[in-house]
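Report on the structure given below.
The values are calculated or read from the model by the stated rules, or taken from the named source; none is laboratory data. In this text, all values refer to a predicted model and were calculated from it rather than measured experimentally. Positions of Cβ are generated from backbone atoms using ideal geometry, with glycine treated the same way; all protein chains shown enter the neighbour counts. What goes into the accessible areas is simple: the full protein's heavy atoms, side chains included, and nothing from ligands, DNA or RNA. Shrake-Rupley method; radii C 1.70, N 1.55, O 1.52, S 1.80 Å.
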Amino acid sequence: MTKNFPDGFRWGTATAAHQVEGGNWNNDWWAWEHTEGSPCEEPSGDAVDQWHLYDQDIALCAALGFDNYRFSIEWSRIEPEPGLFSRAALEHYRRVCASCLTHGIEPVVTFHHFTTPRWVVAEGGWHTASTVDRFLRFCEVAVGALGDLIGRACTINEPNIVATIGYHLGFFPPGLTDDTLYRQANDNFVDAHRRVVPILKAGPGDFPVGLTLSMTDYQAVPAADADAQAGVGRMRWVMEDQFMDACAGDDFLGVQTYSRMRIGPKGPIGAEEGYETLEMGYEYYPESLEACIRRAWEYTGGAIPLLVTENGIGTNDDDQRRRYVTTALEGVLDCIADGIDVRGYTYWSLLDNFEWAFGYRPRFGIIDVDRSTQRRLVKPSGEWLGRVARANALIG
Ligand code: BGC
C-alpha cells in the first residue's frame, strides 16, 4: 500500500473559539458552566487565552508543517446584543485570518461551534425557528466583514451533537431531555445550514462552504441481528442522514469522528471486552475514521467531496496519540485507494483546551499548554504529524 497522499491533500489542525479564547462570558456555555447542578467539571475561564495569543498559535501551526488552521468565530462577541455588531470583534477576526495568511496557511472559518449568545437563548434558542433568522443575519454581517480573507467556511459544527446532547441527553446547554424540542432543534439546524450556504456564497471572497458533522461507526451486535440493525439505522438517521441530506450540492462534507458505538437488539451496549476505554468514556477505536468516510461517501452517492475536519484523541499518552493517528491515516489511504474523494485531514486539536463539560482534563492537543503561564510546548506527536504533513505521506 502506498504511504503517499494525493497531490494537493490538505493538512490542518482545529480549535473552536470557546475552547481556546477565554473570557467568552456572553454565551450559553459560560452560563452553563456557572449553573449549579450542571455536569461541567470546571469553568472555561481564561481558556488558553488565544484571544491574545492567536498569532503565536498560528505561527506554531504553520511552523510544524500544516497548511490550514480551522477555528471558529464567536457569535456572542460579534453580536453581543441583538442587532448590535462589534466592529472591534470583527476586526479581531480579520487579524486572525490575516495572521494565517501571513504565516502561509489557509484560514478555515467555522461560523457556529457549539456556543450561542445568551440573548439568543433567552429568546428561545435552537428549538425556536427565529434563532435560524438571527443566525443568518449574524452570518451575513460576519461574512461581509471577513469573506475576502476566508479560505474555506464551515457553517455549523456538529449540529447533531448540539441537538442530541443539549435536548435529548441534557448534558450540554440548554440541559433538556425533551424529544419534541429535540426534533425542532434538529429541524432548525438543517434549515439553518441549507439557508446559510447561499448567504456565505453571496458575500465577498470565493471559498468552499460545507457542514462539519459528528459521525460514529455504528455497529450492529451481533452483526446479523435484525433488531440491532434497525437500531443502527435509527441512530444513523437521527445523527447523520438527515444532516447529510441537507448537504446536497455543497462544496464539501466535513467528516469528524472519534470512536464507534456498538448497538445491540435493545440499544447501545458498552465497550467490547479487551478494548481500552478513553477518558471521554468511549473506546480507543481509530478505525472509525475509515468506516465513517466510507459511510459518508456511500450515503451521499459520491456526490460531495469529503474532508476530515476533525479526528483525534484525548489522552495523556502522546505515543498513543501517534498510534491512533497512524491507524486513522492508514484508513484514509485505503479509502483514497478505493477512489473515495477525501481531500484533507484536520487533527483535533492544535492545543490542549477546554473540553466542554469535561473541562481541561482530556488532552487532545499536539501542543501542551501550561495554563498558569499560558506557555505552549509542542508534543512529539505534533512534530511527527507536522513531518507527515510536509512529506504528504504517512512516514514514521
Ligand atoms: C467537537 C470539539 C470537541 C471534540 C473532542 C468534537 O465533538 O467539535 O469541540 O472538543 O469533538 O471531543
Pairs under 6 Å by beta carbon, first residue under 17 Å from Tyr167 (Cβ atoms) and in contact (Cβ under 8 Å) with a residue 24 or more places away in the chain in segment 230-243, partner open to solvent by 10 Å² or more (accessible area, probe 1.4 Å) and aromatic (Phe, Trp, Tyr), six or more apart or different chains? Met235/Tyr218
Answer yes or no as to whether Asp191 is over 27 Å from Thr346 (Cα atoms), of a type outside the set (Ser, Thr, Tyr) and surrounded by fewer than 21 Cβ atoms within 10 Å (Cβ to Cβ). no
Of these, Gly45, Gly65, Gly83, Gly23, which one is away from the ligand (no atom under 16 Å from the Cβ) and loosely packed, with under 14 Cβ neighbours inside 10 Å? Gly83
Answer with yes or no whether Ala89 is open to solvent by 20 Å² or more (accessible area, probe 1.4 Å), more than 20 Å from the chain's Cα centre (by Cα), more than 16 Å from the ligand (Cβ to nearest atom) and not aromatic (Phe, Trp, Tyr). no
Across segment 346-396, what is the number of residues that are within 15 Å of the ligand (Cβ to nearest atom), among the small types (Gly, Ala, Ser) and surrounded by fewer than 23 Cβ atoms within 10 Å (Cβ to Cβ)? 2
Would you confirm, using the coordinates I've provided, whether Glu74 is open to solvent by 30 Å² or more (accessible area, probe 1.4 Å) and either more than 26 Å from Asp250 (Cβ to Cβ) or of a type outside the set (Gly, Ala, Ser) (or both)? no
Lone qualifier among Arg343, Arg323 - being assigned to a helix (DSSP H, G or I), away from the ligand (no atom under 14 Å from the Cβ) and open to solvent by 20 Å² or more (accessible area, probe 1.4 Å): Arg323
Can you list the strands (runs of 3 or more DSSP E) lying wholly within segment 197-296 that have 1 or more residues being at pLDDT 95 or above, open to solvent by 70 Å² or more (accessible area, probe 1.4 Å) and in contact with a strand residue (DSSP E or B) (Cβ under 7 Å, 6 or more places away or on another chain)? 267-269
Any residue in segment 9-19 that is over 18 Å from the mean Cα position of the chain (by Cα) and open to solvent by 20 Å² or more (accessible area, probe 1.4 Å)? no
When residues of segment 26-40 are filtered for being within 13 Å of the ligand (Cβ to nearest atom) and either surrounded by fewer than 16 Cβ atoms within 10 Å (Cβ to Cβ) or at pLDDT below 95 (or both), how many remain? 0
Going through segment 291-320 one residue at a time, which ones are under 25 Å from His113 (Cβ atoms), free of Cβ contacts under 8 Å to residues at least 60 places away in the same chain and either of a type in the set (Asp, Glu) or within 16 Å of the ligand (Cβ to nearest atom) (or both)? Val308, Asn311, Gly312, Ile313, Gly314, Thr315, Asn316
Sole exception among (1) in a helix (DSSP H, G or I); (2) away from the ligand (no atom under 16 Å from the Cβ); (3) open to solvent by less than 30 Å² (accessible area, probe 1.4 Å) for Gly166, by number: (2)
